[in-house]
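Enquirer: Structure in structure tokens, see below.
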Amino acid sequence: MDEIKSTIFAIKRYALHDGPNIRTTIFFKGCPLSCNWCHNPEGIDFNISIITLNDRCVGCAECIATCAHKALQRSNTGISRDDRLCTLCQSCVETCPALAHEPTGWQMTTQQLLHEIQKDVPFYDQSGGGVTISGGEPLSQPEGLLALLQGCAALGIHRTVDSSAFAPTATLLRIARYTDLFLIDLKHMNTRLHRQYTGVANDLILHNLQKLAEIGRPARVRIPLIPGVNDDEINIRETGAFVARCKNVQGIDVLPYHPSATAKYKKLGLKYKGMQFTAPTQDTLSTTVDLLKNYLSDVRIGG
Ligand code: SF4
Ligand code: SF4
């Protein structure tokens, strides 16, 4: 049988905000949501592509010469790629002396991922950390996720899954068997507004959180706090009340919106809908935390 491959867009070592203690975070590529404020736009598309950063290009034309599929040509803006001809062979990536061509992700087998994770075991042992699988939406690549979690479980490594919980419930429950802790994003309690800002309704997400509560799988809920979107008292109170009913939830992390992803969108040539938002003030953060503490004692700012 062919070994399972997962599509990845980043691996972060010594991560301090993706679960308990020091962690290695694996970012699975592809997400069914399209949150306006997403700070990992390279993780939205399930497909790998090659982007060209023309501000790095020195005009040597090596890439055009090396492309066997004639997918590259000069244009007014620099080097342009015909995606219909490009086979993602990455010859241009390897050839360019200016590192102007970059893949937006890559594929790794479960064994390759486990090999990378095992390099950091001394940090897990010292700190009580482990591995976090994030994204994108890791539940959207369930076979690769499951195999990776099973591999980590066999090695005795603590496993956190950072997810929107937007996936078939059966998939979530299968993954839950090998997950020590879930970090679940809860973006809005109003399903119409949830759809408006993320592209999907919240019914399945809320249902799945309740299912995790029923099986008692530990979770923390994360609220990306975006002024004007979800920081109003009604939404915060409804979120707190809902979370308080989920007895598996250990605490709430309030994640203040920040516009730091602007450069990533520019690099990918994508429009950043998050430009319309501003970071919450200290007053807004304090008010939000105080409101949530009416429902759960463990409320923190940041992950
Ligand atoms: S190889 Fe790199 S520097 Fe040379 S033309 Fe192509 S993109 Fe520009
Ligand atoms: S990835 Fe390969 S096929 Fe695509 S543009 Fe680069 S060299 Fe050509």
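Computed from the coordinates by the stated procedures, all read-outs in this text should not be read as laboratory data. This one's a predicted model, so the numbers in the text were calculated from it and none came from an experiment. Here Cβ is always computed from backbone atoms with ideal geometry, including for glycine, and neighbour counts include all displayed protein chains.
Enquirer: Show that you can apply the helix-only estimate: for the chain, add -39,500 (n - 2.57) for every DSSP H stretch of four or more residues, divide by all residues, and state [θ] at 222 nm to the nearest 500.
Expert: Values: 11 runs with 99 residues, N = 303.
Only helices count here, giving -9000 deg cm²/dmol.
Enquirer: Relative contact order for the chain: what is it in percent, counting Cα pairs under 8 Å that are at least 6 residues apart?
Expert: For the chain, the relative contact order is 18 percent.
Enquirer: Follow-up. Nearest 5 percent is fine: what portion of the DSSP beta bridges confined to the chain is antiparallel?
Expert: 35
Enquirer: If I model the chain as equal point scatterers sitting on the Cα atoms and use the Debye formula, what is log10 I(q)/I(0) at q = 0.08 Å⁻¹?
Expert: With one equal scatterer per Cα and no solvent, log10 I(q)/I(0) is -0.40.
Enquirer: Which one of 216, 265, 235 has its Cα pushed farthest toward the positive end of the charge dipole of the range 152-301, where Lys and Arg give +1 and Asp and Glu give -1 at the Cβ?
Expert: 265
Enquirer: Considering amide H positions built from the backbone, and no H for Pro or chain starts, which residues 5 or more places from residue 295, or on another chain, come under 5 Å of its amide H?
Expert: Those lying under 5 Å, H to H, from residue 295: there are none.
Enquirer: Okay, next question. What is the dipole size for the range 50-103, taken about its Cα centre, with +1 at each Lys and Arg Cβ and -1 at each Asp and Glu Cβ, in debye to the nearest 20? Write out the running numbers ahead of the final one.
Expert: Details: 5 positive and 6 negative charges, 33 e Å.
The dipole magnitude comes to about 160 debye.
Enquirer: Using 0.36 nm times the number of residues separating residue 126 and residue 195, minus their current alpha carbon distance, what extension gain do you get?
Expert: 20.6 nm
Enquirer: Under a Cβ-only charge scheme (Lys and Arg +1, Asp and Glu -1), can you give me the dipole magnitude of the chain about the Cα centre, in debye to the nearest 20?
Expert: 260
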